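Below: the structure, in structure tokens.
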Amino acid sequence: MLIKSKAIVLRTVVYGDSQLMVHLFTEVRGRLVVAVRLSSSPKGRMQRRLFQPLSLLSVEIDFRENRDVQRLKAVAIDYAWTSVYADASKIAVTLFLSEVLFHTLRQETEDALTYGFVELSLRCLDVMESSRGKANFHLAFLVGLTRCLGFFPADAAEGAGGVFDMRTGQCVASLPPHRDVLRGAETEAMRRLLRMDYNNLHRFAFTREERRRCLDMILAYYRIHVSAFPELRTVGVLEELFV
């Protein structure tokens, strides 16, 4: 069956000089792996550049239900970056986001809501000019993605309790019988994160230490709610630039 879809590149693995294995998040079929054969001609080298992390593509795929690796029939750019590859801070953010998405988007089913959120987020990053906005972008993305993944801590934003229970995503008045909690200033920091969106990022003036702690908190929250969510290698890159 030939399927046509928009797709986002999550990860590319190179096999020798002639083949790529590309992990895609597609709009119509969710997570897929496709094989891409490259020629040694300039056209082949040009095609390889299409599969940079978080490239936004239009693809045609020869899809078979029982096949682990699908065949890519055609590919084109769906959205051409205007600034990402010329901005070191944005490159760092895209590498981080691609690693997060690689470990969280696992279903081979249609998920137009999540696809729309990720695509909109990437377009917002591409046009963002505020230095503070770029420094905070990954935090707002992580919070926003929890809505799509089903564990957004909605009750924490307005909850009266001073303890944030990371297992339930709620603010409570007393300590629960486990250690996965935030208290005091950390609870207030989580509430600040939940007020973030791409339009107000420039208003959140975190110190480097505050931003580091916010990132630690939200990643700890992910590890509780996403099975086998690992320590991310790209965190170190963000720390050098923003944290």
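Here are some notes:
- Condition check for GLU231: over 30 Å from ALA112 (Cα atoms) and either open to solvent by 30 Å² or more (accessible area, probe 1.4 Å) or in contact with a helix residue (DSSP H, G or I) (Cβ under 7 Å, 6 or more places away or on another chain) (or both): no
- Residue pairs meeting the criteria (Cβ under 6 Å; at least 6 apart or on separate chains; first farther than 12 Å from ASP180 by Cα and in contact (Cβ under 8 Å) with a residue 24 or more places away in the chain, in region 209-221; second open to solvent by 10 Å² or more (accessible area, probe 1.4 Å) and part of a helix (DSSP H, G or I)): CYS214/ALA189
- Residues in region 6-59 that are of a type in the set (Ser, Thr, Tyr) and modelled with pLDDT of 95 or more: THR26, SER55, SER58.
- Hits in region 169-208 (condition: of a type in the set (Val, Ile, Thr) and touching an Asp or Glu at 6+ places or on another chain (Cβ under 8 Å)): VAL172, VAL181
- Out of MET21, MET1, one residue alone is in contact with a Phe, Trp or Tyr (Cβ under 9 Å, 6 or more places away or on another chain) and open to solvent by 60 Å² or more (accessible area, probe 1.4 Å). It is MET1.
- For VAL181, the criteria (1) at pLDDT 90 or above; (2) open to solvent by less than 20 Å² (accessible area, probe 1.4 Å); (3) touching a strand residue (DSSP E or B) at 6+ places or on another chain (Cβ under 8 Å) hold in every case but one, which is (2).
- Verdict on ARG203 being of a type outside the set (A, V, I, L, M, F, W, C) and either open to solvent by less than 20 Å² (accessible area, probe 1.4 Å) or under 24 Å from VAL84 (Cα atoms) (or both): yes
- Only one entry in ARG147, ARG106 is exposed (fewer than 15 other Cβ atoms within 10 Å of the Cβ), in contact (Cβ under 8 Å) with a residue 12 or more places away in the chain, in contact with a helix residue (DSSP H, G or I) (Cβ under 8 Å, 6 or more places away or on another chain) and among the basic types (Lys, Arg), namely ARG147.
- Some residue of region 120-129 being of a type in the set (D, E, K, R), at pLDDT 95 or above and open to solvent by less than 10 Å² (accessible area, probe 1.4 Å): yes
- So GLU240, is it of a type outside the set (A, V, I, L, M, F, W, C) and within 18 Å of GLU99 (Cβ to Cβ): yes
- The residue of region 57-75 that is nearest to ALA140 (Cα to Cα), among those that are free of Cβ contacts under 8 Å to residues at least 40 places away in the same chain and open to solvent by less than 50 Å² (accessible area, probe 1.4 Å), is VAL75.
- For region 90-103, the criterion of being open to solvent by less than 30 Å² (accessible area, probe 1.4 Å), over 10 Å from the mean Cα position of the chain (by Cα) and not small (Gly, Ala, Ser) is satisfied by at least one residue.
The values are calculated or read from the model by the stated rules, or taken from the named source; none is laboratory data. Please read these numbers as outputs of a predicted model, since none were measured by experiment. Neighbour counts run over all protein chains shown; Cβ positions are idealised from the backbone, glycine included. Accessible surface is based on the protein model in full, side chains and every heavy atom, while ligands, DNA and RNA are left aside. Shrake-Rupley method; radii C 1.70, N 1.55, O 1.52, S 1.80 Å.
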